[in-house]
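The values are calculated or read from the model by the stated rules, or taken from the named source; none is laboratory data. As the structure is a computational prediction, the values presented were derived from the model and not from experiment. Neighbour counts are summed over all protein chains in view; Cβ atoms, including those assigned to glycine, are modelled from backbone coordinates with ideal geometry. To get the accessible areas, we keep the full protein, side chains included, count just its heavy atoms, and leave off ligands, DNA and RNA. Shrake-Rupley method; radii C 1.70, N 1.55, O 1.52, S 1.80 Å.
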Amino acid sequence: MSVLVYIDTLGGTVTKNSLGAVSYGAQIGSTTVVTNGRVDASELEQLKNYGAEKVLVNRSVEGADASQLTKLIVAAAEQVGADTIIFTNDLTGKAVAPRVSANLKAGLVSGAIALPEADGSIKTNVFSGKAFGIMKVHSPKRVISLTPNATEIKEISAAGSVEEFSPEVGTPGVTVKEVKKQEGDVLLTEAELVVSAGRGLKGPENWGIVEDLAKTLGAATACSRPVSDIGWRPHHEHVGQTGIAIRPNLYIAAGISGAIQHLAGVNGSKVIVVINTDPEAPFFKAADYGVVGDAFDVLPKLNEEIKKLQAQS
Amino acid sequence: MKFLVCISKVPDTTSKIDFTDNNSKFNEAGVQFIVNPYDEWYALVRALELKESLGGSVTTITVGPATDEPIIRKALAIGADNAVRINAEPGDAYFTAHQIAEYAKANAFDVVLTGKETINYNGSQIGGMVAELMGTPYISLATKMDLNGNTATLEKEMVGGVEIVEVNTPFVLSAAKGMAEQRIPNMRGIMAARTKPLEVIEPVPCDDLTSFVSFELPPEKSEVKLVDADNIGELVNLLHNEAKVI
Ligand SMILES: Cc1cc2nc3c(=O)[nH]c(=O)nc-3n(C[C@H](O)[C@H](O)[C@H](O)COP(=O)(O)OP(=O)(O)OC[C@H]3O[C@@H](n4cnc5c(N)ncnc54)[C@H](O)[C@@H]3O)c2cc1C
Ligand SMILES: Nc1ncnc2c1ncn2[C@@H]1O[C@H](COP(=O)(O)O)[C@@H](O)[C@H]1O
């Protein structure tokens, strides 16, 4: 099997999700990585520890234009004779993987959560994480878009030579006018720990206790839909069926009832802690640990206890 | 401006999810079907708003059997001018995208809008495939769109923020939250929808590239461990030593 993995190096760094995609590819076959953007060769060096035989880097193609990226990736796939092309199912993957799939007439498995089985079938998330679908690809080539944080990242050593790669990609069809970076330190989609709150917090002025806890943990913050709808919190924090889906190792939910549409975005989390004054809140059924109590009392206490733990170690 | 809005049918967000026929098919018994929220709330409503201010037309397209017609009428009731149904069971994303792209190319639409994803199979695949098959730009996960002549300015989500981009028609976009506000159809709209044109077209031949062979439900969660609010130290202990997540 010859595998091509596309990774996004936004901001010039290789993310954990990218390492996951490379390591996933290397467990399937001989893996080449293709990437674009202003990224240091030293940053790409580490990919050899996750199984990259070769890294092809193009420094001129911008991420916004999915059609140029598609041409770049298709050219790389041709050069290495790839039969499997892997993306991370994040914002970039969602923009580019379907184009590459249609271009190569290669069946697309989106949201994969496991390695292919011996018969080629691949497990994916469907119904917003409420079920799994086992998918088969019938075309000779395939594209797999991997759910972030769903598979184990293995260290596999390989040659990892870095080469410039500049095929003909045409002119951009999309012009970027402005980029607005999200404020806040930890990216929600990349976060291993997430502290989230809902309407139970009563108003935006009360989010200090959520942010304090997140800061202590090095966690990202999230919220339920009504909270972002009323403008208490920014839209990009909204998780759930109509927001973003996340799979952190720990999801702490305070003052969120646990409606089915909310659960749809967080039920892939490894451990869920629910803090709610109402012992009948549906979220407790989906939780691993629960505290029946007032978020205004419990969140600061939790913050203090975690600081104590951190002081010990 | 000619807008084409892709409308799909999905189970209501509160539906119980289970499977029949040896776990190979979604169990539709007792399930209520709705227009996929991203298609209805964001893609359709933004197309209608732009048509209302700039002129033009809004056509919807659905790849699906005759049983999809109630949800197509709902889209007409919200305000679309006319609808097209490609008379086929939607196969995989490639099959569906192929049908939409063929129709869009033949009828010279300026903007093709899809939803961010269908909430049942969550592929987020069709918009990008349609764009590639049509050879146009694709703005994935657009949260705002304005048009000035043939030039559109869009805001789109990107990893770690948003990007403001410009693109000329024709192009394809997938619509995410922020684009528009949900519209509830009124009585007049519902009455008018009954007589609006709904054209049925036979599919063009195309093979599926993928299929679902079976489905599984996640394992039941074990009972929640409750910790007393006066003993949060114990919660931290469990998270550190038992769950090993902090
Ligand atoms: C089609 C559709 C899509 C949707 N998509 C999403 C989605 O993507 N994401 C999403 O989140 N929702 C979504 N929703 C909305 C969802 O159904 C719920 O309405 C929403 O999740 C409720 O938000 P909440 O839990 O913050 O508020 P509420 O339901 O009002 O719950 C507040 C909770 O806080 C508790 N509480 C109150 N005071 C305190 C206190 N002092 N301390 C601790 N707990 C307290 C209460 O007991 C209650 O359980 C969707 C709905 C529809 C119809
Ligand atoms: N059968 C269909 N007919 C028309 N449009 C569809 C169909 N299925 C999906 N779409 C459109 O494609 C978008 C993305 O779907 P998906 O790629 O399945 O997640 C949806 O939000 C719809 O706008």
In sequence order, what are the phi-derived ³J(HN,Hα) couplings for the range B:56-73 according to the Karplus relation 6.51 cos²θ - 1.76 cosθ + 1.60 with θ = phi - 60°, rounded to whole Hz, with x for glycine and proline? x, 8, 10, 10, 9, 10, 9, 9, x, x, 4, 5, 7, 4, x, 6, 5, 5
My understanding is that a pair violates if its Cα-Cα distance is over 18 Å; which of A:Lys180/B:Lys156; A:Lys123/B:Lys25; B:Lys51/B:Lys144; A:Lys285/B:Lys244; A:Lys16/A:Lys105 do that in this structure? A:Lys285/B:Lys244; A:Lys16/A:Lys105
Give the range of the longest stretch in chain A that excludes all trypsin sites (Lys or Arg not before Pro) found in loop regions by DSSP and having at most 12 other beta-carbon atoms within 10 Å. A:203-313
Just to confirm, what accessible area per residue do you get for the range B:156-246 at 1.4 Å probe, in whole Å²? 57
Total formal charge among the other residues, if their Cβ is under 13 angstrom from that of A:Lys105, Lys/Arg +1 and Asp/Glu -1: -2
Quick one: which residues, 5 or more positions from B:Ser8 or on another chain, have an amide H under 5 Å from its amide H? H modelled 1.01 Å from N in the peptide plane, none for Pro or chain starts. B:Asn36
Search the structure for amide H atoms under 5 Å from the amide H of A:Ala131, placed 1.01 Å from N in the peptide plane, and list their residues when 5 or more places away or on another chain. A:Val126
Can you find, among B:Val5, B:Ala88, B:Ser57, the residue farthest towards the positive end of the dipole of chain B? Put +1 on the C-beta of Lys and Arg, -1 on that of Asp and Glu. B:Ser57
If you take the beta carbon distance between B:Asn22 and A:Gln46 as r and set R0 to 51 Å, what does 1/(1 + (r/R0)^6) give as a FRET efficiency, to the nearest 0.05? 0.70
So if I place +1 on the C-beta of Lys and Arg and -1 on the C-beta of Asp and Glu, and nothing else carries charge, what would the dipole magnitude of chain A be about its Cα centre? I want it in debye, nearest 20. 640
Just the accessible area for A:His262, please: 1.4 Å probe, Å², rounded to the nearest 10? 10
Taking each pair of distinct Cα atoms in the range B:58-98 once, what is the resulting Kirkwood hydrodynamic radius in Å? 10.6
Treating only Lys and Arg (+1) and Asp and Glu (-1) as charged, each at its beta carbon, one finds that the protein assembly as shown has a dipole about its Cα centre, in Debye to the nearest 20, of 760
From the P(r) of the range B:2-217, can you give the percent of Cα pairs sitting at distances over 28 Å? 26
Cα Rg, Dmax (largest Cα-Cα span) when computed across chain A, Å: 20.9, 61
Rounded to the nearest 20 debye, dipole of the range B:81-221 from Cβ charges on Lys, Arg, Asp, Glu: 620
Given Cα pairs under 8 Å that are at least 6 residues apart, what percent is the relative contact order of chain B? 25
Alpha-carbon centroids, the range B:135-153 and the range A:280-313: separation in whole Å: 44
Amide hydrogen neighbours beyond the local backbone of A:Ile144, cut-off 5 Å, H modeled: A:Ile85, A:Ile86, A:Phe87, A:Val109
For A:Val34, what is the net charge nearby, where nearby means another residue's Cβ is under 14 Å from its Cβ and Lys, Arg count +1, Asp, Glu -1? -2
Taking chain B as a Gaussian network, where each spring joins two C-alpha atoms under 10 Å apart, which residue of B:Ile232, B:Ile78, B:Ile139 fluctuates the most? B:Ile232
On the full set of protein chains, 1.4 Å probe, figure out the accessible area of A:His138 and give it in Å² to the nearest 10. 110
Please work out how much accessible surface A:Val162 shows to a 1.4 Å probe, ignoring ligands, DNA and RNA, in Å² rounded to 10. 50
Average accessible area per residue (Å²) across the range A:189-267 - probe 1.4 Å, nucleic acids and ligands excluded: 35
Which one, A:Thr35, A:Ala52, A:Ala150, is farthest towards the positive end of the dipole of the range A:2-164 when Lys and Arg carry +1 and Asp and Glu -1 on their Cβ? A:Ala150
Once every DSSP H run of n ≥ 4 in the protein assembly as shown is given -39500 (n - 2.57) and the sum is divided by its residues, what mean residue ellipticity at 222 nm do you get, rounded to the nearest 500 deg cm²/dmol? -7500 deg cm²/dmol
Loss of accessible area when B meets A, both sides summed, Å² nearest 100, probe 1.4 Å: 6800
Provide Rg over Rh for the protein assembly as shown; use the alpha carbon set for both Rg and the Kirkwood Rh (inverse mean inverse pair distance). 0.96
I'd like the Karplus ³J(HN,Hα) series for the range A:2-19: coefficients 6.51, -1.76, 1.60, θ = phi - 60°, whole numbers in Hz, and an x wherever there's a Gly or Pro. 10, 10, 10, 10, 8, 10, 9, 10, 4, x, x, 10, 9, 7, 4, 4, 5, 4
Positive minus negative residues near A:Val271 (Lys, Arg vs Asp, Glu; Cβ under 12 Å): +2
If each of B:Ser53 and B:Ile184 carries a label point 7 Å out from its Cα toward its Cβ, how far apart are those two points in nm? 2.5
In order over the range B:136-149: 3J(HN,Hα) from phi, Karplus 6.51/-1.76/1.60, θ = phi - 60°, whole Hz, x for each Gly or Pro, gives 10, x, 10, 9, 8, 6, 6, 10, 8, 8, 10, 10, 9, x
The range B:74-114-the range A:200-232 distance, computed between alpha-carbon centres (Å): 40
Picking from A:Ala264, A:Leu302, A:Trp232, whose Cα lies most toward the positive end of the charge dipole for the range A:188-312 (charges on Cβ: Lys, Arg +1; Asp, Glu -1)? A:Ala264
So how far, in whole Å, is the C-alpha centre of the range A:21-70 from the one of the range B:176-233? 34
Cα gyration tensor shape of the range B:147-216, rounded if a/c is under 1.5, else prolate or oblate by comparing a/b with b/c: oblate
